[in-house]
Amino acid sequence: MSWRGHALHFDTLTSRSTPVEAAIEGDRLHFTLEGVTRRYAPEEVKDGDRTLQGEARLHLAHPPGAVLTLPPEAVPHLEAGKFLRTRVRQAAFVMRNVVIVGSVFLALVLAFLLLGIRPLSNQLAKLIPADAERAVGQAVYDGVARTGLVTADSLSAAALRKVVLAVLPEDLSPDQVRVALLEDTVTVNAFALPGGFVVVHRGILNLMEDESELLGVVAHEIGHVYERHGMRRLTRTATLGILTALVFGDAGGIGSILVQHGTSLLSLSYDRDEERAADAFAVRTLIARNLDPGGLRRLFSKLEAQEGRVKIPALLSSHPATAERMTRLESLVAEAGGAPEAPQTLLTPAEAGALFRRVAPPASY
Ligand SMILES: [Zn+2]
């Protein structure tokens, strides 16, 4: 018994959907993506569910965050191959949850009436224990670390770690911190996760010339974590589950609910106020530690000068608009008492050489 047809591969890391030709042969599932054939056994599918349209949605164990959506015709084959729960077991599962969700729904309606969704999720975010937050960061980081992209270059890795440790908030100890440099030149990205996890793609380093630019980006990303922007978003998407756990006195369950939603941390976009708060954290921290706070602004102006030639990374191009943001960064520096006269240099020339590709700046810069 086999099936062959169209499916859709969604990569939550890059938010990219790609149509693929998939095939199910017994307990083997495979499809070809970007010229590489990926094969899965049932135990390599973490979770499967069905959409209202009857499509099957499989959360693949690798690469992290990958989701494969297959048409309704594939469902019987997926069930036979043990990739999906059979309908009978699923029905019992649904019934049990209907009872739970029903009672929580009443609590939720009351909470909405009293508080509204945003304040409600912000209140809930405050109730999340620190170890649950760290569990979320750890789970997402583990997924990233399993991509096989983590650098083998120990000089680069040590240099990046040095930069991250220099801008850490005081409540994090260096031995809690995990830093991954991914040898992926296509993705222009860097992000921090709750609990002291920082991930930087080689693609963004290739746009930089010196440590101040990297310090600015890393401090900004850590600012989002410090201000708990991601956790607030996550609580907003997981509100129902968290209320369920609270109503049933299962505080320990909160961690696993958040972990289930954790990969959404990778595709968050922040609003204007959150970007400003993260910029303010970055400038404050850099100045307080006698580091050059001007790198983030210089990176922006360079990217603006290169617009059209270089794709501006989403994490930098969102809001507010670049020009407004550069002005704002300057006034943040002034508010914090001005840039240090003799900022310290963290990296040795060899370490800087390992991280930054010394490309000539564009003529207009
Ligand atoms: Zn940001």
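The values are calculated or read from the model by the stated rules, or taken from the named source; none is laboratory data. Quick caveat: nothing in here was measured; it's all calculated off a predicted structure. Virtual Cβ from ideal backbone geometry, glycine too; neighbours counted across all protein chains shown.
Within the range 34-53, one or more residues are outside the structural domain of VAL136 (by TED's automatic domain parsing), part of a strand (DSSP E or B) and over 18 Å from GLY81 (Cα atoms). Tell me, please, whether a residue that is closer than 25 Å to THR12 by Cβ and in contact with a Pro (Cβ under 6 Å, 6 or more places away or on another chain) can be found in the range 157-176. No, because not a single residue in the range 157-176 is closer than 25 Å to THR12 by Cβ and in contact with a Pro (Cβ under 6 Å, 6 or more places away or on another chain). I'm trying to understand the selection: among the residues of the range 157-204, which are among the hydroxyl-bearing types (Ser, Thr, Tyr), under 21 Å from LEU299 (Cα atoms) and either without any contact (Cβ under 8 Å) to a residue 40 or more places away in the chain or crowded, with 20+ Cβ neighbours inside 10 Å (or both)? Passing the criteria: only THR185.
Within the range 138-156, the set of residues being without any contact (Cβ under 8 Å) to a residue 40 or more places away in the chain and of a type in the set (Val, Ile, Thr) comprises VAL150 only. Within the range 278-296, track down each residue that is more than 9 Å from the ligand (Cβ to nearest atom), in a helix (DSSP H, G or I) and either buried (at least 19 other Cβ atoms within 10 Å of the Cβ) or of a type in the set (S, T, N, Q) (or both). Scanning the range 278-296 gives PHE281, ALA282, VAL283, THR285, LEU286, ILE287, GLY295, LEU296.
When you look at MET231, is it more than 17 Å from VAL163 (Cα to Cα), away from the ligand (no atom under 11 Å from the Cβ) and assigned by TED's automatic domain parsing to the domain that holds ALA282, yes or no? Answer is yes for this residue. In this structure, does VAL225 turn out to be under 25 Å from ALA350 (Cα atoms) and within 15 Å of the ligand (Cβ to nearest atom)? Criteria not met by VAL225.
The condition (being modelled with pLDDT of 80 or more, within 13 Å of the ligand (Cβ to nearest atom), among the aliphatic types (A, V, I, L, M) and not in a loop (DSSP other than H, G, I, E, B)) is satisfied by just one residue among LEU299, LEU316: LEU299.
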